[in-house]
Number of protein chains: 2
Amino acid sequence: MKSGYTDQYNTRNKMYVATDCIVFGFDEDGLKLLLFKRKVKPDEGKWSLIGSFVELEEDVDDAARRVLKEITGLEDVFFEQSYTYGKAERDPGYRCISIAQFALIRINDHDRELVKNYGASWHNIESVPQLVLDHDRMVRDAFQKLRDRARRRPIGFELLPEKFTIPQLQQLYEAIYQRKLDSRNFRKKVISLKVLEKLEEKDKTSSKRGAYLYKFDHDNYLKLQESGINFEI
Amino acid sequence: MKSGYTDQYNTRNKMYVATDCIVFGFDEDGLKLLLFKRKVKPDEGKWSLIGSFVELEEDVDDAARRVLKEITGLEDVFFEQSYTYGKAERDPGYRCISIAQFALIRINDHDRELVKNYGASWHNIESVPQLVLDHDRMVRDAFQKLRDRARRRPIGFELLPEKFTIPQLQQLYEAIYQRKLDSRNFRKKVISLKVLEKLEEKDKTSSKRGAYLYKFDHDNYLKLQESGINFEI
DNA sequence: TTATTTTTTTGTAAATTTTACCTCAATTTA
DNA sequence: TAAATTGAGGTAAAATTTACAAAAAAATAA
């Protein structure tokens with residue numbers, strides 16, 4: 001029998017549940033990941049995903065929301081479960097299972113000050129440093145899932161500002177799929193899906209000619225989804 | 001502060017982690033689900049998925065393997081994570097998150113005696129009784145996932161005996177997708193994927209004429225997968 | 001002001017994939 | 001041996017995907 005005292009301080013003597021967030025963002029420079037430099041031992045100074053233990057009275061999803069709010073300042077972030085990591089030995093410090101969530105944010109919406117204060121920063125998806133524990137694996141799995149999801153559902157739009165151009169959308173998909181797409185075919189396909197609303201305005205910031213801005217038409221998307229469309233690009 | 005005594009007996013005062021298995025099987029009568037009639041309170045006598053708490057020193061996957069072995073007698077069952085249910089109030093008895101796993105078994109391989117002794121039984125997917133807690137939801141989600149998976153990977157084969165006929169395979173896919181498929185197109189498609197090995201033998205049990213038996217060619221499948229095939233049917 | 005440069009926008013033909021649809025073959029049983 | 005049942009196989013039309021190049025719009029340089 002273990003004493004009450006031991007129980008209280010032995011962090012491998014009880015189950016912990018955590019949630020870790022794989023936060024994707026997108027801007028001119030491509031697809032990025034929000035990482036956090038650990039300030040406490042063990043692994044002080046190493047890069048890590050952002051995460052937290054789930055409180056006893058807290059929904060797992062709410063824990064993810066809390067973490068995302070705390071670090072990015074954003075509420076209503078799009079996120080979805082990626083995978084649950086449950087190896088007994090995955091964390092030497094705690095007997096802890098972790099529910100990984102992948103989150104998509106509009107990189108320009110978030111609170112840069114807050115991120116900085118937390119010792120977090122954005123890393124291009126192609127140059128992610130080594131991470132603590134099984135977080136490398138989490139990133140690989142989540143990126144895979146992002147690719148999967150983007151193929152079936154228009155979640156790419158969560159990463160773009162409300163108004164965006166078709167070339168921007170294409171760059172995003174190229175970053176997600178990690179390959180070049182034909183611009184004629186891309187445009188044709190994406191317009192054929194009828195979930196884009198063309199605006200009068202043009203965006204002149206990223207080209208000389210300027211490109212028409214579009215909005216994503218959520219309502220129309222929902223209608224189409226009911227009648228069984230697929231968003232394969 | 002709560003006393004040690006309360007801590008020990010208050011099952012909502014600590015985190016529990018469970019795994020629940022959504023076990024699919026397939027036979028002449030269609031797609032089925034393995035359910036279990038609870039023998040203990042609360043909800044004694046109600047139908048439930050099979051599951052267990054995850055032990056402190058146990059991988060989550062191993063817990064699922066343990067449960068599956070215990071009830072079906074089978075080792076090496078195919079299973080995959082479905083979703084993790086983490087609402088604080090999902091189980092009134094425990095503060096418990098549950099990692100749902102969907103499992104596919106060859107219904108004729110399992111130990112019928114064992115299943116019976118455990119008070120478990122097979123239920124056609126179209127007439128699943130009401131289940132305890134959020135298990136209805138788990139079944140819906142897992143069935144959705146099964147449909148998804150079957151579309152991209154040849155996991156349907158996990159549900160069939162080693163040797164099977166094309167009409168059997170078609171019946172399976174019809175049960176999974178819950179719609180009729182055209183037999184000419186189905187045959188054409190499935191053969192074009194080049195993952196079936198035609199045998200000399202015929203199965204005469206399910207038709208007068210008898211149908212050729214096939215084996216699933218795992219190696220070939222892996223090769224094809226590397227070169228980027230998709231298994232959409 | 002004109003030429004150059006850069007980026008957006010648009011169409012079409014060929015190839016591939018999906019869909020719709022029916023007849024004959026093999027065997028059992030009446 | 002006739003009837004009934006289920007398996008096996010092909011083709012044409014439709015839809016989708018792929019490959020591919022030239023013109024339009026605007027800023028900048030000459």
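Every number here is computed from the coordinates shown, using simple stated rules; none is lab data. Values in this document were obtained by computation on a predicted structure and should not be read as measured data. Note that we place each Cβ from the backbone using ideal geometry, even for glycine, and neighbour counts take in every protein chain shown.
Structure above, values below:
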quantity	calculated
Rg/Rg_ref, the range A:155-226, where Rg_ref = 2.2 N^0.38 Å and atoms are Cα	1.10
The range B:148-189 - charge dipole about Cα centre, Lys and Arg +1 at Cβ, Asp and Glu -1, debye rounded to 20	260
Cross-link partners of B:LYS116 among lysines (Cα-Cα below 25 Å; sequence separation of 8 or more within a chain)	B:LYS32, B:LYS37, B:LYS39, B:LYS41, B:LYS46, B:LYS69
Estimated vicinal HN-Hα couplings, Hz - the range A:71-82 in sequence order (Karplus 6.51, -1.76, 1.60; Gly, Pro = x)	9, 9, x, 9, 9, 6, 6, 6, 8, 8, 4, 9
Förster-model FRET efficiency, 60 Å R0, A:GLU232 and A:TYR9, C-beta, rounded to 0.05	0.70
Rounded if a/c under 1.5, otherwise prolate or oblate - the range A:186-229, Cα gyration tensor axes	prolate
Shielding by other protein chains, B:11-20, mean Cβ within 10 Å	3
³J(HN,Hα) computed for each position of the range A:227-233 - Karplus, 6.51 cos²θ - 1.76 cosθ + 1.60, integer Hz, glycine/proline x	7, x, 9, 10, 9, 4, 10
Fully extended contour minus Cα-Cα distance, from A:ASP109 to A:LYS69, at 0.36 nm per residue	13.2 nm
Along principal axes, Cα extents of chain A, largest first, whole Å	72, 38, 29
Label point 7 Å beyond Cα along the C-beta direction, distances from B:ASN117 to other copies (nm, shortest first)	6.2
Bridge type composition, chain A - antiparallel percent by DSSP, nearest 5	70
Part-to-part distance (alpha-carbon centres) for the range B:82-139 and the range A:75-154, which is given in Å	29
FRET efficiency, B:TYR212 to B:ARG179 (Cβ-Cβ, R0 30 Å, nearest 0.05)	0.75
The range A:2-103: trypsin sites (Lys or Arg not before Pro) falling in loop per DSSP and having at most 11 other Cβ within 10 Å	A:LYS2, A:LYS39
Other-copy label distances relative to B:GLY45, 7 angstrom Cα-Cβ extension, nm	6.5
Partner chain coverage, peptide B:53-59 - average Cβ within 10 angstrom	4
Under 23 Å from the Cα of B:LYS202 - lysines, other chains or at least 8 residues apart	B:LYS163, B:LYS188, B:LYS189, B:LYS194, B:LYS215
Nearest-20 debye value, the range A:15-152 charge dipole, Cβ charges on Lys, Arg, Asp, Glu	480
Label 7 Å beyond Cα on the Cβ vector: A:ARG184 copy-to-copy distances, nm	3.5
Rounded to whole Å, sorted largest first: equivalent-ellipsoid semi-axes of the protein assembly as shown, Cα gyration tensor	39, 35, 19
Cleavage-rule hits, GluC sites (Glu not before Pro), the range A:70-136, DSSP coil, Cβ neighbours within 10 Å at most 14	A:GLU75, A:GLU89
Over chain A, relative contact order from alpha-carbon pairs under 8 Å, at least 6 apart, %	20
DSSP bridge orientation in the protein assembly as shown - percent antiparallel, rounded to nearest 5	70
Value of relative contact order over the range B:15-152, rounded to a whole percent, pairs C-alpha under 8 Å and six or more apart	34
Point-charge dipole on Cβ atoms (K/R +1, D/E -1) for chain B, about Cα centre, debye to 20	940
Sequence-separation-based contact order of the range B:155-226, relative, with Cα cut under 8 Å and 6+ spacing, percent	34
Segment B:ASP76-B:LEU222, length gained on full extension (0.36 nm per residue, minus Cα span)	50.7 nm
The range A:31-67: GluC sites (Glu not before Pro) in DSSP loop, at most 12 other beta carbons within 10 Å	A:GLU44, A:GLU57
Gyration tensor verdict on the range B:1-127 (Cα atoms; rounded if a/c is under 1.5, prolate if a/b is larger than b/c, oblate otherwise)	prolate
Karplus-derived HN-Hα couplings along the range B:42-57 (A = 6.51, B = -1.76, C = 1.60, θ = phi - 60°), whole Hz, x at Gly and Pro	x, 6, 4, x, 8, 7, 8, 6, 8, x, 6, 5, 8, 6, 4, 9
